[in-house]
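J.: My structure is below; once you've seen it, I'll send some questions.
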Amino acid sequence: MDNSNLQTEDFNNVLNKALHTMTAHLHRYGSELERLADIVEHVKWQHQGFFANRSDKDAHPTVEAETQRTQLGIIQISSQLEAVNSFRQELEDKTKNILALVFLRTNVRRDGMASDDQ
Amino acid sequence: MIDCWYILPVRVQVDCNDTQRSHALSTAGSNQMDPFHYLHLPDERLDIRGSHIGIYVQHDLTKGRNTALSISFQDGRWSRIVEEPYNRIKEVMEDSQGHQSWEDPLFVHLVYLTSALRWWNNVLDSFNNQLIAHVRNAKKTYFRTIRDDELIPCAGKASTGPDGQFQSTNGRLQQRTE
């Protein structure tokens, strides 16, 4: 009887640690993705500034087409990055929820108090 | 002459069949709390490894010449992943040489950014799967099925079991003898 209680407590500790580690990593992912967004902005700015507005003698149709293709590519990257950002945020919320659940479980057991909210 | 340089933060997922315990033997493996180090996903059997790629591109508008320099700090153990952007750029250049067509010099950035983004997406995906696995394991542990001669693992409930034989006292379950 005691053994299974101890097993569950061990499990809780391990899971708790794993979840805290995951939360820490998620935070770092957030700042790294922000950095990525800044880089994309910078590339977009540079492309618009120096390559998208060329003088007439350089306006060969292929050049224009390729330039526009690159521009669209950059815009597409921006929107994909936004999707990745919201995904990351969703994961952070999920992890917090699971941590709260485990916390609840752990505390119910330690107090020895009965709880009907399972 | 236009210069552009940045350091791209990347995270890649790498197959890893080592157990959590064997990871604890290395310095980085036992410091996973620090997001600088890698993260081991036990149920997915993957490691999420973070690194950086330094990129420097120089455009000489007058001569129409572009130089790109990329320094990857990634580990050579997953060389196939690391060399992917390089192979893509090589393909583009070989392709355009055949057609004598013009390539927008910023395609180098696009290659690296798209590769990095794809890696990020995969990393978050596996992360998500690991979270789901954790929840599943938790459910299994918290709500273990009851066998006839076995006590119900502590659920903290003060109620009687399905057949009225078990009773909870101080959060511990004991079998009530009749």
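The values are calculated or read from the model by the stated rules, or taken from the named source; none is laboratory data. This is a predicted model, so every value here is computed, not measured. Quick reminder, even Gly has a Cβ in these numbers, built from the backbone with ideal geometry, and neighbours come from all protein chains shown.
J.: What are the pairs with Cβ atoms under 8 angstrom where one residue, in segment A:26-40, is closer than 14 Å to B:PHE127 by Cα and the other, located anywhere, is aromatic (Phe, Trp, Tyr) and not in a helix (DSSP H, G or I)? Sequence gap at least six, or different chains.
T.: If the second residue must be aromatic (Phe, Trp, Tyr) and not in a helix (DSSP H, G or I), the pairs left are A:ARG28/B:PHE36.
Per-residue answers, yes or no, for (1) facing another protein chain (nearest Cβ under 10 Å); (2) within 23 Å of B:VAL82 (Cα to Cα):
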position	(1), (2)
B:ILE7	yes, yes
B:SER22	no, no
B:GLY29	no, yes
B:HIS37	yes, yes
B:HIS52	yes, yes
B:HIS59	yes, no
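J.: Considering only residues that are over 12 Å from the mean Cα position of the chain (by Cα) and surrounded by fewer than 14 Cβ atoms within 10 Å (Cβ to Cβ), which ones fall in segment B:9-23?
T.: B:ASN17, B:THR19, B:GLN20, B:ARG21, B:SER22
J.: Every residue in segment B:68-84 that is of a type in the set (Ser, Thr, Tyr) and modelled with pLDDT under 90, please.
T.: Hit for segment B:68-84 is B:SER79, nothing else.
J.: Are any residues in segment B:21-66 of a type in the set (S, T, N, Q), part of a strand (DSSP E or B) and farther than 25 Å from B:TRP119 by Cα, and if so, which ones?
T.: If we filter segment B:21-66 for residues that are of a type in the set (S, T, N, Q), which is where we start, we get B:22, B:26-27, B:30-32, B:51, B:58, B:62, B:66.
Next cut, part of a strand (DSSP E or B) only: B:51, B:58, B:66.
B:GLN58, B:ASN66, listed by residue number.
J.: From the list B:VAL14, B:VAL108, which one is modelled with pLDDT of 90 or more and outside any strand (DSSP E or B)?
T.: The match here is B:VAL108.
J.: May I ask you to verify whether B:VAL123 is buried (at least 17 other Cβ atoms within 10 Å of the Cβ), within 27 Å of B:TYR38 (Cβ to Cβ) and either among the β-branched types (Val, Ile, Thr) or in contact (Cβ under 8 Å) with a residue 60 or more places away in the chain (or both)?
T.: Against the criterion (buried (at least 17 other Cβ atoms within 10 Å of the Cβ), within 27 Å of B:TYR38 (Cβ to Cβ) and either among the β-branched types (Val, Ile, Thr) or in contact (Cβ under 8 Å) with a residue 60 or more places away in the chain (or both)), B:VAL123 qualifies.
J.: With respect to B:SER79, is the statement that it is in a helix (DSSP H, G or I) and within 14 Å of chain A (Cβ to nearest Cβ) true?
T.: No; evaluated as a whole, the condition is false for this residue.
This table checks each residue for (1) buried (at least 16 other Cβ atoms within 10 Å of the Cβ); (2) under 20 Å from B:LEU8 (Cβ atoms); (3) at pLDDT below 90; (4) facing chain B (nearest Cβ under 7 Å).
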site: A:GLU41; (1), (2), (3), (4): no, yes, no, no
site: A:HIS47; (1), (2), (3), (4): yes, yes, yes, yes
site: A:ALA52; (1), (2), (3), (4): yes, no, yes, no
site: A:GLU64; (1), (2), (3), (4): no, no, yes, no
site: A:LEU81; (1), (2), (3), (4): yes, yes, no, yes
site: A:PHE103; (1), (2), (3), (4): no, no, yes, no
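J.: Give me the pairs: first residue in segment B:106-119 and within 7 Å of chain A (Cβ to nearest Cβ), second residue polar (S, T, N, Q), beta-carbon distance under 7 Å, and six or more apart or on different chains, which are they?
T.: B:LEU106/A:THR70; B:PHE107/A:THR70; B:LEU110/A:THR70; B:LEU117/A:GLN80
J.: For segment A:1-13, which positions are in contact with a helix residue (DSSP H, G or I) (Cβ under 9 Å, 6 or more places away or on another chain) and surrounded by fewer than 13 Cβ atoms within 10 Å (Cβ to Cβ)?
T.: Correct list: A:ASN13 only.
J.: Residue by residue through segment B:71-100, note down the ones that are basic (Lys, Arg) and under 19 Å from B:LEU46 (Cα atoms).
T.: If the condition is that a residue be basic (Lys, Arg) and under 19 Å from B:LEU46 (Cα atoms), then B:ARG77, B:ARG80 are the ones that fit.
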